[in-house]
Amino acid sequence: ARRVAVLISGRGSNMRALVEQADGYDVVLVASNKPQAAGLAWAEGRGLATWALDTRGVAKPEWEAFLDEALADHGVGMIALAGFMRLLSGDFTRRWAGRIVNIHPSLLPKYRGLDTHNRAIEAGDAAGGCSVHLVTEELDAGDVIAQAEVPILPGDDADALASRVLAAEHQLYPRALSAFVKASIA
Ligand code: GAR
């Protein structure tokens, strides 16, 4: 099975879904740019290896070099970003080209970047959703490999839509990663 590292910056609910529904891959490392990320504590409690390095005071190339060392130490072959809120450099994304995926809370190519749910509601969209995509240097712009749609209901605010989308993320991401890993081994 492919050895996967999941990168998080906060809560880590998608990381948790990836761990609990792993099929055809193993999460061997949970890494973060935020040593206090709640998801790290959950991963440790689960007995998973974790790595965290605060980005403050560390230049990006240096931070990414340390991350690469941790990835190598754990024999990682694939990276899944899950609420990882730091832009990775072109050098890093090129080095991992085709082996790094992300989940984004919109129906890409709509609403790259932040505040996706407010933007979908304000646009009057009938549906929101989430996308799993390959990560390239350009933010949220790599090829989409899977999407799930949810309705936007009358009276929805961003929080209501976010929780409906998040439930869909937890279903979509493990399945998409599993299918992607199987296809890229074949
Ligand atoms: C998720 O909704 C994810 O799609 C989003 O942040 C949330 C993280 O939640 N990611 C982005 O906005 C990436 N730009 P989690 O930490 O509980 O998985």
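Quick rundown of the values:
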| read-out | value |
| --- | --- |
| Total residues in the range 78-100, condition of a type in the set (Gly, Ala, Ser), away from the ligand (no atom under 16 Å from the Cβ) and not in a loop (DSSP other than H, G, I, E, B) | 1 |
| Sole exception among (1) surrounded by 20 or more Cβ atoms within 10 Å (Cβ to Cβ); (2) out of contact with any His (no Cβ under 7 Å at 6 or more places or on another chain); (3) within 23 Å of Tyr25 (Cβ to Cβ) for Thr116, by number | (3) |
| Some residue of the range 47-63 being open to solvent by less than 20 Å² (accessible area, probe 1.4 Å) and assigned to a helix (DSSP H, G or I) | yes |
| Long-range neighbours under 6 Å by Cβ, at least six apart or interchain, first residue touching a residue at least 12 places away in the same chain (Cβ under 8 Å) within the range 167-179, second more than 10 Å from the ligand (Cβ to nearest atom) and among the charged types (D, E, K, R) | Ser178/Asp23 |
| Inter-residue pairs, beta-carbon under 6 Å, first assigned to a strand (DSSP E or B) and in the range 1-28, second of a type in the set (S, T, N, Q) and open to solvent by less than 50 Å² (accessible area, probe 1.4 Å), 6+ apart | Ile8/Ser32 |
| Number of the condition not met by Gly57 [criteria: (1) over 30 Å from Val150 (Cβ atoms); (2) at pLDDT 95 or above; (3) not charged (D, E, K, R)] | (2) |
| Answer residue from the range 126-165, given it is of a type in the set (Asp, Glu) and open to solvent by 30 Å² or more (accessible area, probe 1.4 Å) and is nearest to Leu7 (Cα to Cα) among those | Glu137 |
| Long-range neighbours under 6 Å by Cβ, at least six apart or interchain, first residue farther than 15 Å from Val165 by Cα within the range 134-154, second open to solvent by 40 Å² or more (accessible area, probe 1.4 Å) and within 13 Å of the ligand (Cβ to nearest atom) | Leu139/Arg112; Asp140/Arg112 |
| Identity of the residue in the range 25-41, open to solvent by less than 30 Å² (accessible area, probe 1.4 Å) and closer than 16 Å to Phe180 by Cβ, that ends up nearest to the ligand (Cβ to nearest atom) | Val27 |
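The values are calculated or read from the model by the stated rules, or taken from the named source; none is laboratory data. A quick note: this is a predicted structure, and the numbers were derived from the prediction, not measured. Every residue, glycine among them, receives a Cβ derived from its backbone with ideal geometry; neighbour counts consider all protein chains shown. Areas reflect the complete protein model, heavy atoms only, side chains present, ligands, DNA and RNA absent. Shrake-Rupley method; radii C 1.70, N 1.55, O 1.52, S 1.80 Å.
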